[in-house]
Every structure is written in C-alpha cells, then in structure tokens.
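Read the structure below first, then the notes.
The values are calculated or read from the model by the stated rules, or taken from the named source; none is laboratory data. Being a predicted model, the structure only gives us computed values, none of them experimental. Note: ideal-geometry Cβ built from the backbone for every residue, glycine included; neighbour counts use all protein chains shown. For the accessible areas, the whole protein counts, side chains as well, though only heavy atoms, and no ligand, DNA or RNA atoms are used. Shrake-Rupley method; radii C 1.70, N 1.55, O 1.52, S 1.80 Å.
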Amino acid sequence: MRRRRTGRFALGAVIVAVPLVLALLGPVFAGEPGPRATSFTAGGAFGLGTDFVGRDVWGQVLHGGRPVVLTALAATALAYLVALPVGLFGALTRRRLLEELLMRPLDVLLAIPSLLLILLAATVFSPGAVGLALLVALANVPDAARLVRAAAAEAAARPAVEALRMQGETWWRTAVGHVGRSMLRTLAADAGTRLTGVLYLVATAAFLGVGVAPDAADWAVMVDRNRTGLFVQPWAVVVPAVLIVALTTGTNLLFDAALDRGGRRGADRREKEARP
C-alpha cells in the first residue's frame, strides 16, 4: 500500500512538473520571436510548425503557460484569503444575526454560474490578467466560505474548543490554533479540487477572450484560435491542450497522494497510542 501511494505521488509530480516548468521557465528560454511564416505549416524550420498567424508554435507554448498558471494560483489564493476568515467567523460567532449577514449574500452570489458572472463583468469592463484573477476568485469565494464554515462548525462543537473558551483564550488562538489546524486535511482536499476548477475556469475565460488579447501567447487562446487548422496543423491545438490537462491531473494526483500519506501517518500514530 505504501509503495502504491509513493508511486502515485511520484507519477503526479512527474505529470505536473512538465507543464509547470514550461510555464515558469519557458519565457526565460524562449528568446526573441522569429519572423513569421505561412499559417498552419507543420515541421520545417519550426519544430512544432506555425500557428494561425504564422508564429512558431513551440515559442508560443513556452510563452503561453505563465499567464494561465499564475492567474489560477493567484485566484485560488485570493479566494481562500477571503473565504477563510469569513467561514471561520461565521462558524465561531455566537451571534446568529451576524452569521446570517456574512453568509446569506454569499448564497446569492453562489446562485450565479461562475462563467456567467465573469462574462457579465466582462461586458461592463475589460479585465486584464489581474481583473480575471479577481473575478475567478470572487466566483470561488461563496462555496469555499461555505466549506470552511461547515468544517469549522464541526470542529468548534468539540469539547476542547469549549474548554478553550472557558479558559478565556483569544478568538485568534481558538480559531487558528485549534479549529483551523483540525480542518487542514479538509482544506487540502478542497484546495486540490478547487485549483483544478480554477484552472479550467481561467482557461475557459481565456478561450472566450476574457482577460487576454485575441492573439496573446496563452495556452487556452492557442487552443481556441488554432482549432480551425486542427486537421492541417494539430500541434498548435494538441500541445497546449495536453499541457492544461496534465497540469490539472497532476495536481489532483499530488494532493490525493499527500492526503493519503497524511491520513496513514495519523492512523499509525493513533494505533501506537492505543497500544498498551
């Protein structure tokens, strides 16, 4: 069983390393863009051929990963930055009215589909990469806050939390030191799934032209703009699409393996403590 978990962790690391390295270090090694050639050519002087406007596909791949990855990571971090305090405060406060004021507006926002929210905002203003990250984060705050609140409410109902309150411990120590620590596994599991969803949402928004220029070096934009030449020059579509899928699949494998390892360590520790 341990060998299987290690193998899954290694597999996830290998799968996610390829697109991650290309995204973060690709622009460093890409160099200056060369002259444009005929659209949708395969091979020749360009290793992966040319795209819909005659640019080197490999050069576009090297430049196109960083916007997707950084936007997705920033959006996920921003979503938790808002959801964690809101969810913790909603679970630990004893004032029902205050909890309702915190959570009910999020329910209204949750009723709006994430992509529709982004498209509606895009009709009002033209978001760049930062604006897209903020919109994606906003779309993920409601359900992230509800998950944090549910996990925190379960932990807050334990006798240890009541004992901390009776001892006069500060809210920070109770919320972060005990409740927050007890829900780390739940948050880690959600983070893996959420990052995958955010990656697809960012890619879909870029595919629809939200947050990026129509001819930008972006993996999602490459899939959209080059699909008309799929059967003539497939690499311009297949390579960026495979890299996006590998990034999301590898991320989930890594988180699953890490959670299995953490759960096994906890079970071993409890088993040792239970021995006479």
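Annotations
- Residues within segment 8-41 that are outside any helix (DSSP H, G or I) and open to solvent by 70 Å² or more (accessible area, probe 1.4 Å), tallied: 5
- Pairs, first on the phi > 0 side of the Ramachandran plot and crowded, with 18+ Cβ neighbours inside 10 Å in segment 180-199, second outside any helix (DSSP H, G or I) and not polar (S, T, N, Q), C-beta under 9 Å, six or more apart: none
- Positions within segment 210-219 being farther than 20 Å from LEU120 by Cα, open to solvent by less than 20 Å² (accessible area, probe 1.4 Å) and not hydrophobic (A, V, I, L, M, F, W, C), in sequence order: ASP218
- Within segment 151-175, if we keep just the residues that are assigned to a helix (DSSP H, G or I) and open to solvent by 60 Å² or more (accessible area, probe 1.4 Å), the residue that is modelled with the lowest pLDDT turns out to be TRP171.
- Segment 222-249 residues that are more than 16 Å from HIS63 (Cα to Cα) and among the basic types (Lys, Arg), paired with ones that are at pLDDT 90 or above and assigned to a helix (DSSP H, G or I) (beta carbon under 7 Å, 6 or more apart): ARG227/VAL237
- Residues in segment 35-85 that are among the aliphatic types (A, V, I, L, M), over 23 Å from VAL245 (Cβ atoms) and over 20 Å from the mean Cα position of the chain (by Cα): 3 in all.
- Residue within segment 201-209 that is assigned to a helix (DSSP H, G or I) and surrounded by fewer than 20 Cβ atoms within 10 Å (Cβ to Cβ) present: yes
- Counting the residues of segment 213-238 that are touching a Lys or Arg at 6+ places or on another chain (Cβ under 8 Å), part of a loop (DSSP other than H, G, I, E, B) and not acidic (Asp, Glu) gives 1.
- A single entry from LEU134, LEU73 fulfils the requirement of being in a helix (DSSP H, G or I), closer than 30 Å to LEU48 by Cβ and open to solvent by 40 Å² or more (accessible area, probe 1.4 Å): LEU73.
- Search result, residues across segment 78-123 that are charged (D, E, K, R), in a helix (DSSP H, G or I) and open to solvent by 60 Å² or more (accessible area, probe 1.4 Å): ARG96, ARG104
- Against the test of being at pLDDT below 90 and closer than 24 Å to VAL212 by Cβ, the options ARG55, ARG5 yield a single qualifying residue, ARG55.
- Residue list for segment 220-230, filter: closer than 10 Å to PHE40 by Cα and open to solvent by 30 Å² or more (accessible area, probe 1.4 Å): THR228, LEU230
- Residue in segment 43-57 that is open to solvent by 20 Å² or more (accessible area, probe 1.4 Å), under 21 Å from TRP219 (Cβ atoms) and acidic (Asp, Glu) present: yes
- Residues of segment 116-156 classified as more than 15 Å from the chain's Cα centre (by Cα) and either among the polar types (S, T, N, Q) or under 19 Å from VAL179 (Cβ atoms) (or both), total: 14
- Residue in segment 47-57 that is in a helix (DSSP H, G or I), of a type in the set (A, V, I, L, M, F, W, C), at negative phi and in contact (Cβ under 8 Å) with a residue 60 or more places away in the chain present: yes
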